[in-house]
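Take a look at the structure set out below.
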Amino acid sequence: MIQRIIKKIYYKLKGISPEQLTLEATIKAGMKVGKNCYGLIGCTIDYAHAWLIQIGDDVVFAPQVYLLAKDTSTKRSLGSTRIGKIKIGNNCFIGARAFIMPGVTIGDNSIVGAGSLVAKSVPENVVVAGNPARIICTIAEYETKLKATFAVAPKFGEDYTLDFAITDAMKQEMIAALEDSVGFVK
């Protein structure tokens, strides 16, 4: 609450309106975004250093990802803020509430797990998760595990979504089928 008020005062003093902090404004400020990226609207992007952020093609962001090109924790000790580029490669997935810190490169075809704090660069073709983020497995290993889970998991068609007017009976069916496991929906 207090942070939100301080942020509003800061932006007002700087002459930046909330409308300027949109995705379009961040791109206009210099952030590079490739083709077919999805989910950036729900992310917190370091507007003050947007030109230090580069995102490749076919990247998916889950809700509330943080892209932080600056780290102000150094301000008290050094009198300066640490800054660094953020580079996200092609065909990556960034999980919900992941934090991508300054100076981090995420290699092509990699996955960052939800809630991860990525403070060091991530190679290509791996899954990372945790705080701090660590390599969990390769993409090939992940896909093998995923296919094994998929083979035995409950599956639901797209009619089991809000877009296709799922019924209360269908919701109850889904709840029962997912009692002790995870499933998949088209």
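Odds and ends about this structure:
- Estimated from the Cβ-Cβ distance and a Förster radius of 41 angstrom, the FRET efficiency linking S77 and I9 is about 0.95.
- Rounded to 10°, Cα long-axis angle of helix 168-177 versus longest principal axis of the chain: 90 degrees
- With 29 Å as the limit, the listed pairs K32/K155; K85/K147; K32/K75; K87/K171; K87/K186 have K32/K155; K85/K147; K87/K171; K87/K186 beyond it between alpha carbons.
- Antiparallel %, DSSP beta bridges [both residues in the range 54-186], to 5: 30 percent
- Formal net charge of residues neighbouring K35 (Cβ-Cβ distance under 9 Å; K, R +1; D, E -1): -2
- The chain: angle of helix 2-14 to the longest principal axis, Cα-based, in degrees nearest 10: 50 degrees
- Extension gain from I135 to K147, taking 0.36 nm per residue of separation minus the Cα-Cα distance: 2.3 nm
- Stokes-Einstein translational diffusion, the chain - Kirkwood Rh over all Cα pairs, 0.890 mPa s, 25 °C, in µm²/s: 132 µm²/s
- Adding -39500 (n - 2.57) for every DSSP H run of four residues or longer, then dividing by how many residues the chain holds, sets the calculated 222 nm ellipticity at -7500 deg cm²/dmol.
- Modelled this way, with points 7 Å down the Cα-to-C-beta line, the labels at A169 and Q54 are 5.6 nm from one another.
Rule-based calculations on the coordinates, nothing more; no lab input. Every value quoted in this text rests on a predicted model; they were computed, and no experiment measured them. Neighbour counts are summed over all protein chains in view; Cβ atoms, including those assigned to glycine, are modelled from backbone coordinates with ideal geometry.
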